[in-house]
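One structure is given here, and the rest of the page talks about it.
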Amino acid sequence: MSDGLRLIMAQVDDVPGELMGEFIGRAEALGARNVQVVPSLTKKNRPAYLVYLDVPAAAEAAAGRLLAAELGCWGYRVLAAEHRHFDIGRHELELTVHRGGITHRAALRAKTIADGAERLRVKAEHDDLAAACAALRGAGAELPLAVLKAAVESRLTGADALPATLELHL
């Protein structure tokens, strides 16, 4: 694992969801870059979880102790993995939304995912989209978050270059 990260996998049973939430918060505080908790079934159809943690190599021992102390794990596996990362760009633009006779302007952050010069996807920041929808609702214009997200991302993904401003009539 040449990038200094460890991918840890642990099998967990007999843990209520509330404790799993506490564990996730503490794992993030340790420096986990990603935490995935996947529900599963064990022998005899008992509910369980598979827990995956991406942690810096220096935090592996602390993450292992956290798995034992919080979740009662008897051990964990360190999986050999290499992460292949795409080119991620961060952008800010001015969004103007016209809806039901109301106009709302807001800053919008977006991330681009590219493979070299080829842009594969644009993802608009959820919190910015949600705030724009809330402001429109407050002004009397209902706009579902899913509709705004789809409109923004489809327009930006198809653009040759990301614009400084985006105007939508929805």
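The values are calculated or read from the model by the stated rules, or taken from the named source; none is laboratory data. Because the structure is predicted, anything quoted here is derived from the model rather than measured. Backbone-built Cβ (ideal geometry, glycine too); neighbour counts: all protein chains shown.
Points to keep in mind about this one:
- The range 83-121 - residue that is touching a residue at least 24 places away in the same chain (Cβ under 8 Å) and of a type in the set (Gly, Ala, Ser) and, of those, nearest to Pro163 (Cα to Cα): Ala110
- Residue, modelled with the highest pLDDT, within the range 16-38, restricted to residues that are over 18 Å from the mean Cα position of the chain (by Cα) and not aliphatic (A, V, I, L, M): Glu22
- Any hit, the range 136-153, residues being out of contact with any Pro (no Cβ under 8 Å at 6 or more places or on another chain), among the charged types (D, E, K, R) and closer than 24 Å to Ala114 by Cα: yes
- The residues of the range 127-147 that are in a helix (DSSP H, G or I) and free of Cβ contacts under 8 Å to residues at least 12 places away in the same chain, listed by number, are Asp127, Ala134, Arg137, Gly138, Ala146.
- With respect to (1) within 20 Å of the chain's Cα centre (by Cα); (2) part of a strand (DSSP E or B), the lone exception for His104 is condition (1).
- Residue in the range 78-86 that is exposed (fewer than 15 other Cβ atoms within 10 Å of the Cβ) and either touching a Phe, Trp or Tyr at 6+ places or on another chain (Cβ under 7 Å) or in a helix (DSSP H, G or I) (or both) present: no
- The range 48-72 residues that are part of a strand (DSSP E or B), paired with ones that are among the charged types (D, E, K, R) (beta carbon under 6 Å, 6 or more apart): Ala48/Asp13; Asp54/Arg33; Val55/Arg6
- If you go through the range 134-166 and pick out every residue that is in contact with a Cys (Cβ under 8 Å, 6 or more places away or on another chain) and loosely packed, with under 13 Cβ neighbours inside 10 Å, you end up with 1.
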